[in-house]
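The values are calculated or read from the model by the stated rules, or taken from the named source; none is laboratory data. Predicted model only: the values in this text are computed from it and were never measured. Glycine gets a Cβ as well: all are built from the backbone with ideal geometry, and neighbour counts include every protein chain shown. We work out accessible area using only protein heavy atoms, side chains counted, and drop any ligands, DNA or RNA first. Shrake-Rupley method; radii C 1.70, N 1.55, O 1.52, S 1.80 Å.
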Amino acid sequence: MPFRAKNRALSVVLAAAGTAALGLGTAAPARATAEPMNYVALGDSYSAGSGVLPLDPAASPLCFRTTRNYPRLLAARTGANLTDVTCGAAKTEHFTQAQYPGVAPQFDALASDTDLVTLTIGGNDNNTFISAILACGTLGALTAGQGSPCKDTYGSSFSDDIAEKTYPAIRTALNQIRARSPKAEVAILGYPWILPERAVPGCFLKMPVAKGDVPYLHQLQTDLNAAVEKAAGEAGATFVDMAEVSKGHDACSPRGTRWIEPLLFGTNVVPVHPNAAGEAAMAGQAAAVLNLD
């Protein structure tokens, strides 16, 4: 559904000046002016842009939030009043609980007059991303990149957690956002591809995942994005799909093309996360889906 920018307290003043006796004409109407959107950015490291420098001095250093994340870019192109409470490693529980000392629950930023809310969330619930990447990377190194040791060891356990735990948690969070900010357009972004559909030559040195586990991890991310999309549909939120636009920009792609930095030999402070180009791409896709341009 296209996003309609909300013009609160919009007024057009038509002033009739002078008198008929003096023969003065009617004054030209004053220009209508719209107040900027109130925009709240929630979410995890993909929203915070963790790994991209420089860091946001207004954020806790523990959040690794950059001044170049997609919420900042969206706010810049729309002129919105941004409240950015994104934080690296955030889980859905940190919407209602403090993540670190001095880092308030993210939902504290929501208000009844919030116009736009964006978020990326779910990858850290049940430690899905961290556990899968580390487990598959370790097993891939032990087998010198052969076979599918991660799939053989963990089977459907990661995807089962997404279906049974992550999906309902995201749906609940989106419903809570709606309750706190009933007038807001709520947009949740999917995660851009970390790995391609199948192993490509030379990628093992950057992403030490066995050949048979590359499609396994790709499917895991497919399952996560599908859960995010399903939760969005049920909660009446807009899903910003990053799957198609991020093809060919995964961590196995060359420097300058990739949007996700690899585990090894990357340029980000935090590996396996979007670089500046990735954050810009997420901003661009959100703007297109929400009709903000």
Original post:
In the stretch 92-134, what count of residues is obtained for those that are part of a helix (DSSP H, G or I), among the acidic types (Asp, Glu) and open to solvent by 40 Å² or more (accessible area, probe 1.4 Å)?
Top reply: 2
Subject >> Residue count for the stretch 135-150, restricted to those that are aliphatic (A, V, I, L, M) and surrounded by 21 or more Cβ atoms within 10 Å (Cβ to Cβ) >> reply: 1
Original post:
Counting only residues that are in contact with a helix residue (DSSP H, G or I) (Cβ under 9 Å, 6 or more places away or on another chain) and part of a helix (DSSP H, G or I), how many does the stretch 135-156 have?
Top reply: 13
Original post:
So which pairs qualify, if the first residue must be in the stretch 213-234 and of a type in the set (Lys, Arg), the second must be open to solvent by 10 Å² or more (accessible area, probe 1.4 Å), the Cβ gap must be under 9 Å, and the two must be at least 6 apart or on different chains?
Top reply: LYS230/TYR167; LYS230/ARG171; LYS230/PHE239
**OP:** Just give me the residues in the stretch 69-84 being touching a residue at least 12 places away in the same chain (Cβ under 8 Å) and open to solvent by 70 Å² or more (accessible area, probe 1.4 Å), in sequence order.
**Re:** ARG72, ARG77, ASN81
**OP:** Starting from residues that are more than 27 Å from the chain's Cα centre (by Cα) and not hydroxyl-bearing (Ser, Thr, Tyr), keep the ones in the stretch 151-178 and report whichever is surrounded by the most Cβ atoms within 10 Å (Cβ to Cβ).
**Re:** LYS151
Original post:
Out of all the residues in the stretch 282-291, is one or more surrounded by 17 or more Cβ atoms within 10 Å (Cβ to Cβ), touching a Lys or Arg at 6+ places or on another chain (Cβ under 8 Å) and farther than 30 Å from ALA144 by Cα?
Top reply: yes
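Just need a number here: residues in the stretch 56-68 that are over 19 Å from GLY284 (Cβ atoms) and crowded, with 19+ Cβ neighbours inside 10 Å.
Count: 5.
Could you list, in sequence order, all residues of the stretch 63-91 that are in a helix (DSSP H, G or I) and either closer than 23 Å to ALA34 by Cα or touching a Cys at 6+ places or on another chain (Cβ under 9 Å) (or both)? Lay out the reasoning, then the answer.
Step one: list which residues in the stretch 63-91 are in a helix (DSSP H, G or I), which gives 63, 70-78.
Within the stretch 63-91, CYS63, PRO71, ARG72, LEU73, LEU74, ALA75, ALA76, ARG77, THR78 meet the criteria.
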Subject >> Near pairs, Cβ below 6 angstrom, 6+ apart or cross-chain, from the stretch 150-165 (at pLDDT 95 or above) to any residue that is of a type in the set (Asp, Glu) and open to solvent by less than 30 Å² (accessible area, probe 1.4 Å) >> reply: CYS150/ASP213; LYS151/ASP213
